[in-house]
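These notes are about the structure you will find just below.
The values are calculated or read from the model by the stated rules, or taken from the named source; none is laboratory data. These numbers come from a predicted model, not from an experiment. When we count neighbours, we look across all protein chains shown, and the Cβ atoms used for this are built from the backbone with ideal geometry, even at glycine. Ligands, DNA and RNA are excluded from the accessible area calculation, which covers all protein heavy atoms including side chains. Shrake-Rupley method; radii C 1.70, N 1.55, O 1.52, S 1.80 Å.
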Amino acid sequence: MTDKPGLLTVEGICKSFIGFKALDGVDFTVRSGEIHALLGENGAGKSTLIKVLTGVHQPDSGVIKIDGQAVNVRDTQHAQNLGIGTVYQEVNLLPNMSVADNLFIGRQPMRFGFVNRKLMEERARELLAQYDLHLDVASDLSRYSVAVQQLVAIARAVDMSGRVLVLDEPTASLDRHETEILFAILRQLRARGLGIVFITHFLDQVYEICDRVTILRNGKLAGCALTAELPKIELVSLMLGRTLAIATHNTRRDRPVPAIRQFSFKGLGRSRSIAPFDLDIGEGEVIGMAGLLGSGRTETAKILFGIETADTGHVHIDGNPALIRTPQAAVACGFGLCPEDRKSDGIIGDLSVRENISLALQAQRGWFNRLSGREQTVLADKFVKALDIRTTDIEKPVKFLSGGNQQKVILARWLATNPRFLILDEPTRGIDVGAHAEIIALINRLCDDGMALLVISSEIEEIVAYSTRVVVLRDRAHRGELSGDEITASNILGMIAAEPEGASA
Amino acid sequence: MSRLNTAALTKAMPQLLSLMLILFLNYLAFPGFFEIRLQDGRLFGSLIDVLNRGAPVIILAIGMTAVIASRGVDLSVGAVMAISGALAATMTVSGYPVPIVILAALGAGLLCGLWNGILVAYFDLQPIVATLILMVAGRGIAQLITEGSIVTFNEPGLIFFGTGSFAGIPMPILIAALLLTLAIAVVRRTALGLLIESIGINRSASSYAGLNSKLLLLVIYAFCGVCAALAGIIIAADIRGADANNAGLWLELDAILAVVVGGTSLFGGRFSILMSALGAVIIQAMNTGILLSGFPPEYNLILKALVIIVILLAQSFSSLGGWAFLKGEFRSKGANRQ
Amino acid sequence: MIFMKRILLASTVAMAFAGYANAADLTVGFSQIGSESGWRAAETSVSKIEAKKRGIDLKIADAQQKQENQIKAIRGFIAQGVDAIFIAPVVATGWDTVLAEAKEAKIPVILLDRTIETTNDDLYLTAVTSDTVHEGKVAGEWLAKAVAGKDCKVVELQGTVGSSPAINRKKGFEEGIASASNIKITRSQTGDFTRSKGKEVMEGFLKAESGGKNICALYAHNDDMAVGAIQAIKEAGLKPGKDILVVSVDAVPDIFTAMSEGEANATVELTPNMAGPAFDALKAFKDSGKAPPKWIQTESKLYTQADDPKKVYEEKKGLGY
């Protein structure tokens, strides 16, 4: 008992599914009063380990100990009773019930056989006050942002379990400010002696908040270290088991500014969506688009691609006026768009990889000019190889692929149409590090091949790495543009964080 | 190709088994079930009845499959049948030539389908609500056309579509088979099959991919309306009259059921027109069997419900990989014994 | 564009009120169910004819199958102060309140075609309905006489399962053939009162009974099913009316066409003239103050091929069946 004691310890956990070993002798320890990052590429075994800890899966072999006592976690209920609470990425709450209901559902204070709402709401207020959250606990949860919902979920989990808190990608859908609030609360919980398991794809956040890090790779323990003692490049190589194909950071591209900008958007705007903006882009250019969530980034993409029609403005392509009021018109002009919300706007889940890749080209060719099964297969095979899409079979429904591979399928869908101007909205969100690097490499390659690209991203360093110019958005308007040596992370951050008056922009 | 066919056959197994079982039960109830003879130059027998009576629902199911695959539903097909039948009968009685009558009736179906399609695609009404409007109003329109009475006609050209035959095959069967072949060919030979599945699974993503999903939806509903009109003409021609109150009554439900029994999900996506037609045949085989069995009519609906529950359970068991699971069980048991 | 004219005509017919003579000595409000069947349409047109004959001002309100519309219409009639109210009730229950209001206003109420369930029979003057059991009995008795002792297997096309005409017409027919042990009902299925179902079910019967050779007669609960079944019999290569006797109920025009061609044998009339006897009872009540009996049964007339079916057809076809 020299160091902090192991609050939750697993030793030699093995778990197999049909024909595949998801966990192979993994050791893992969470101590009281620490935030412990659990990292690994998609499929490394993170989720399986969490599911074993929370009683969703039973391990084939190995021991789980709490306070040194071996336990057998029977189910999620039992895990909660043992003090292990979990908040999943997709928040498992009931949006159309009140905040108080959500906090206490299944354990509401009762009186005379009825829920004692007054007491419940009072307790809910007290509970949330611990987190400096002052909500109207009687109103529907859906009134609040995803970030607040996440905090409510955490408050519920901590209140019910109170010893170990497992957070599965809690920051995936939060903006920077919301992430800060979350981190403040996590620090507070750490101070109270909770052991927190933090799963994320954002390596910067690991360094910002986590004390220790455990890395899994292919179901095995790849390493465990104090964050402060583990350089980032080493961490990434532990995750990938190889060095990245290219260094992604701080290597701003130094490309010539194209003489002609073929795609010109003048005064495009839509009321209550995005203020009128000008944008010119030439072939062989990558324009990075930075800004917080809700700053008008996605709205810009939607207007450029004709998903939403502009109230004002003109489009010129190669000097000729063009009217883009539908995606079909945009595609006809040689545009492509990989949308932000992959699941709802990108993939056609039940269709195969082959069909998903063929879709945009087929839509462009028309209803009656069918791509034959053979042509589709050739197309799909080509892109599966070119983009290294990892799938057992091009006939596999795309919904069974990992996030990164789904993103590549959507990219392939557009590359198949041979576009001149490709818009990528958050192409690297929610995908593992390996796929991340490959997509960035692809952006550079496409640019070299003379495509015009507009890339929207929340990862500023990423934008710095590949952009020839950067447009910064704030409060539903384009606030400024950086080019050449001006493109630095601190300049971009400065513009994003500038006062609403826009003095610096 | 043969690998694909085997896979398709395995997928169709629950439906094929159900059909065979129902046909066998029909045979038990009535030993002459499989007898077919020529009567006045027309095939005659219970099996022919199944197909002949099933033809309108097969035709409805063809259109309905496309609608359901697009994650919609068309509740108005029964009412559209009544409208097209009423129009055909009334115009015939007024002395219009048969080709004009047929075109007008199909045109009425097209208009009804376009109406539904516009509401669904361009006004973003939920399909069930959008088509409910015409389901209710359509029968009223049909009644206005017939003035509430059964309009009887004796025009041999029109009657031919219901009771005529070609090479011994009754016209309704022929028309249904023709439409089925045509629809399958169009879906296979053009990109429509893929595009319909695509908007059914994820309309938003399909639009992002540059698909004109609104226009496609409009075409789908219009096609469904034309199918309904065709079925309406056949039913009117069969009884030589248009019964605005009863023509196609509840047939929208039979058509939806046929599609579901055929394995197309009500949540849209993957579809098979051939399997929907098979579903319609299964339903009709069951109906005919009940008629032949001599059970009191009070049991009709219960029997029907029971059979459908069994089919749907078998189907869901199969789609959950139940057969493979059972096979695996047998294999592992076999292995244990060694 | 004759059919367009028909559409226009149809919409005018569907208008709620259709009055005839303004200078009438009696004004009667008639809350009609709707126009859900040909018979119903005929009932409406016969009511108008009968009213005109007697110089009565008949106001007809179409309830479109809804009791609430009927109640609204009745209240409207009470407010207008009509001399009497006729109701063809869409359902049997729920009339007490509005009928009490009519009674309060001293407006006599006569029920047509269907009766109601009420705790107080005084709420209405009389009900004019047919006796559906009797209809079946007339059909059965005709068949017993027609086959005259020979063995006869009958197939029956029932109305909608559970509906009261289906239950009663079946019961009445069985009573009608009870004394004739030579007649047996071998198959009985529902044809839902529709032509297409009648045809489909008859096709099944014909197959199940050795192509129809075992069937001596068909009894259908309404003419529409019989018309459908006649087609099925013809398509099976048999002669309806000869190889298989056809008897049904309702007496709609199309069955008379079939009878004149020798393809149907007999039908029992469900008369659309419910208003006529009602007007007579009303007049007698107004003149002498004498209350009619609580139930006026309409005649269930039997028509056979001997009754000049062509002529009957011509008479009936204009009534809107």
**Fill in**
Selection from region C:184-205 of residues within 24 Å of residue B:241 (Cβ to Cβ), at the interface with chain B (Cβ under 9 Å from one of its Cβ atoms) and outside any loop (DSSP other than H, G, I, E, B) yields C:189, C:190, C:195, C:196, C:197, C:198, C:199, C:200, C:201, C:203, C:204, C:205
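Mind listing just one residue for me: the one in region A:225-244 that is in a loop (DSSP other than H, G, I, E, B) and in contact with a Gly (Cβ under 9 Å, 6 or more places away or on another chain) and, of those, modelled with the lowest pLDDT?
Here the residue is A:244.
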**Request:** Take region B:223-245 and flag every residue that is open to solvent by 10 Å² or more (accessible area, probe 1.4 Å) and either more than 11 Å from every other protein chain (Cβ to nearest Cβ) or under 17 Å from the mean Cα position of the chain (by Cα) (or both).
**Result:** B:223, B:226, B:230, B:235
**Prompt:** Filter region A:285-311 for residues that are over 25 Å from residue A:487 (Cβ atoms) and away from chain B (no Cβ under 14 Å); which is least open to solvent (accessible area, probe 1.4 Å)?
**Reply:** A:310
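For region A:25-87, please list each of the strands (runs of 3 or more DSSP E) lying entirely inside it that holds at least 2 residues being crowded, with 19+ Cβ neighbours inside 10 Å and at pLDDT below 90. Full working, then the answer.
Details: elements: A:34-39, A:61-66, A:69-71, A:84-87.
The qualifying strands (runs of 3 or more DSSP E) are A:84-87.
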**Prompt:** Restricted to region A:355-390, and to residues that are out of contact with any Ser or Thr (no Cβ under 6 Å at 6 or more places or on another chain) and basic (Lys, Arg), which residue is least open to solvent (accessible area, probe 1.4 Å)?
**Reply:** A:365
**Fill in**
The lone condition residue B:35 fails out of (1) among the charged types (D, E, K, R); (2) in contact (Cβ under 8 Å) with a residue 24 or more places away in the chain; (3) more than 23 Å from residue B:200 (Cβ to Cβ) is (2)
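Given the options C:232, C:180, C:148, C:208, name the one that is facing chain B (nearest Cβ under 8 Å) and free of Cβ contacts under 8 Å to residues at least 40 places away in the same chain.
On the way: C:232 fails: facing chain B (nearest Cβ under 8 Å); C:180 fails: facing chain B (nearest Cβ under 8 Å); C:148 fails: facing chain B (nearest Cβ under 8 Å).
Step by step, each of C:232, C:180, C:148, C:208 is checked, and only C:208 is facing chain B (nearest Cβ under 8 Å) and free of Cβ contacts under 8 Å to residues at least 40 places away in the same chain.
Run down A:478, A:436 and say which single residue is in a helix (DSSP H, G or I) and open to solvent by 10 Å² or more (accessible area, probe 1.4 Å). Walk me through it before giving the result.
On the way: A:478 fails: in a helix (DSSP H, G or I).
One residue alone meets the criteria, A:436.
Could you say which residue among A:63, A:99 is outside the structural domain of residue A:185 (by TED's automatic domain parsing) and of a type in the set (Val, Ile, Thr)? Steps first, answer last, please.
Values: A:63 fails: outside the structural domain of residue A:185 (by TED's automatic domain parsing).
Going through A:63, A:99 in turn, the sole match is A:99.
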**Complete:** Scanning region A:445-473 residue by residue, the ones that are in a helix (DSSP H, G or I), farther than 22 Å from residue A:175 by Cβ and either out of contact with any strand residue (DSSP E or B) (no Cβ under 8 Å at 6 or more places or on another chain) or not assigned by TED's automatic domain parsing to the domain that holds residue A:490 (or both) total 2
**Prompt:** When you scan region C:143-158, how many residues do you find that are open to solvent by less than 10 Å² (accessible area, probe 1.4 Å) and closer than 19 Å to residue C:191 by Cα?
**Reply:** 4
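How many residues are touching a residue at least 12 places away in the same chain (Cβ under 8 Å) and in contact with a Leu (Cβ under 8 Å, 6 or more places away or on another chain) when one looks only at region A:102-115? Before you say what the answer is, go through the steps one by one.
Let us first name the residues in region A:102-115 that are touching a residue at least 12 places away in the same chain (Cβ under 8 Å), namely A:102-104, A:107-109.
From what's left, in contact with a Leu (Cβ under 8 Å, 6 or more places away or on another chain): A:102-103, A:109.
Result for region A:102-115: 3.
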**Item:** Condition check for residue C:140: open to solvent by less than 10 Å² (accessible area, probe 1.4 Å), at pLDDT 95 or above, in contact with a Phe, Trp or Tyr (Cβ under 6 Å, 6 or more places away or on another chain) and more than 8 Å from chain B (Cβ to nearest Cβ)
**Value:** yes
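Looking for something more than 10 Å from chain C (Cβ to nearest Cβ) and either at pLDDT below 95 or more than 17 Å from the chain's Cα centre (by Cα) (or both) - is there at least one such residue anywhere in region B:55-62? Can you show your working first?
Taking region B:55-62 first, the residues more than 10 Å from chain C (Cβ to nearest Cβ) are B:55, B:57-62.
The next check asks that each one be either at pLDDT below 95 or more than 17 Å from the chain's Cα centre (by Cα) (or both); those that pass are none.
No, because not a single residue in region B:55-62 is more than 10 Å from chain C (Cβ to nearest Cβ) and either at pLDDT below 95 or more than 17 Å from the chain's Cα centre (by Cα) (or both).
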**Prompt:** Say we look at region A:348-387 and pick out the residues that are of a type in the set (S, T, N, Q) and facing chain B (nearest Cβ under 8 Å); which of these is farthest from residue B:188 (Cα to Cα)?
**Reply:** A:364
**Prompt:** Of the residues C:47, C:35, which single one is closer than 23 Å to residue C:298 by Cα and at pLDDT 90 or above?
**Reply:** C:47
